[in-house]
Amino acid sequence: MKTFIISLTFLSFLLLIGCNSQQNQLSTDTDTTSLVKDTVHANRVKKIFYNVPSPIEMSSVIQRSGAVFRGDVLCSYKNVEKYTTPSKQAIMLGVYGADLSYVRLFEQIQTAINYLSSIKKLCDVIDIPQEQGSLAIQRMEKNIDNKDSLLQIISETYAATDSYLKDNGRGNTATFVILGGWVESLYIASQIADYNNPSNKEIIDRIGEQKYSLSNMIELIKAYPEDKELQSYVQPLEDLKKVYEEVNIEYVKGEVKTDPSKKLTTIYSVAKVEIKKETFEKIKTLAKQIRINLIKY
Amino acid sequence: MRTIFIILMLGLINFSGFAQCKGFTKKECVPHIKPFTYNGQLNMAVLNPGDIAELIVTFYKGQDYRLFVCSQENLGKVEFKLLDSDRNTIFYNKEHDLVNYWDFHSNATQQLIVQVRVPALEEDLPVVPSGCVSILVGFKE
């Protein structure tokens, strides 16, 4: 009987822990999205995830445009120790990651090392285990002059960080990292793009296409209603979303061809992004304002 | 008393599902996304037979992507579809022997839905299995 009562107490305790760790997972079950067609479907879907582009994806279009390196658009790595709250540290992890993704493209080795050092410090203060944060960065330092290895290691470090935080019930912290990276990427792209330069058309289009990712970013944040600081970014992003309503993306569905031998499906749709200069300038201004708020200490 | 004990044990097995998935994606799934670069965002849930999970993601124009759906063996082979924003099916793995990954190339930037479904049980079991399911997105620079 005594053994039974002890077991019952222990099991009840574990049950409570299980409930808490499920909290964030279940919180998105009630999210509505414009892509959910009807209530019946919504009730069958147990979990909805939202992804935003990684800073690496965003930065690749910058390189193709032939833009020259501009160090002035980056966030100073020297201020890393001024960020003392967990949320700001997580935001800056994302911000510096975006800066490093940009720096990597132009093979600015010394600058990359500086950002690496700041990222390592942030991984340590956020309590990312060494083998998932700092150690991966030590590998990066050995491959610092190899652009392709840098790509792999940047993506591995961020994947490991995201995975570790979410596995340990810190999904809100992971969302701060993603927010920092996405806003910084948008900021960099909008600062360097010249609307009047035809060779920057791809960057301008990519900025316009963030219309989709912005909605996903807002949904990501809304999944953690209990985190008031995270929720404070919803309104500025909603303001930005209002401006993005002026961006018109004309989409024409095309054929879908599947090659089973290559395990490849190609979608031959066509989309035209229309973004007026005044809309671009508004996006640029708002992205800068949100970024200023993110990086202030 | 013993009945209550057994019921609590079964409840614990279900609720601790999320704990059992710790590290699952990193160990069992991420290595398989190569040679694509993982987008770094963990999309992992504990699902039961018949459950559906969805991922809303943007595919950029001219870029190559890999979708990899990773799941624990006790759930059986998991189905996945790629849907457009009107929920039309672009790809369904059931038409390709329930493969767990597929590559995509899009000529236009668009918002897409990856829908994952755990097959329903064919017979009633005393304990409903639950397991980790992860959806990974990789891209090529």
Cα→Cβ-extended label distance, 7 Å offset, between residue A:264 and residue B:85, nm:
2.7 nm
Please tell me which of these pairs span more than 23 angstrom C-alpha to C-alpha: A:78/A:282; A:47/B:61; B:61/B:140; A:120/B:61?
A:78/A:282; A:47/B:61; A:120/B:61
Two-site label geometry, residue A:72 and residue A:285: point separation in nm, points 7 Å out along Cα→Cβ
2.0 nm
So how do A:292, B:56 rank on accessible area, 1.4 Å probe, biggest first, that is with the largest at the start?
A:292, B:56
So for the pair residue A:148, residue A:251, with labels modelled 7 Å out along Cα→Cβ, what separation do we get in nm?
3.4 nm
Low-density loop positions, GluC sites (Glu not before Pro), the stretch A:181-272 - DSSP coil, at most 13 other Cβ in 10 Å:
A:226, A:245, A:255
Compute the FRET efficiency between residue B:77 and residue A:226 as 1/(1 + (r/R0)^6), taking r as their Cβ-Cβ distance and R0 = 41 Å, and round to the nearest 0.05.
0.65
Which value, in debye to the nearest 20, gives the size of the charge dipole of the stretch A:191-280 about its Cα centre, when Lys and Arg are +1 and Asp and Glu are -1 at the Cβ?
400 debye
Relative to the longest principal Cα axis of chain B, at what angle does helix B:2-15 sit, 0 to 90 degrees, rounded to 10?
10 degrees
Nearest 0.05, what FRET efficiency do residue A:117 and residue B:124 give at R0 = 35 Å with Cβ-Cβ as r?
0.05
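The values are calculated or read from the model by the stated rules, or taken from the named source; none is laboratory data. These numbers come from a predicted model, not from an experiment. All Cβ positions, even for glycine, are placed from backbone atoms using ideal geometry, and neighbour counts span all protein chains on display. With ligands, DNA and RNA removed, areas are computed over all heavy atoms of the protein, side chains included. Shrake-Rupley method; radii C 1.70, N 1.55, O 1.52, S 1.80 Å.
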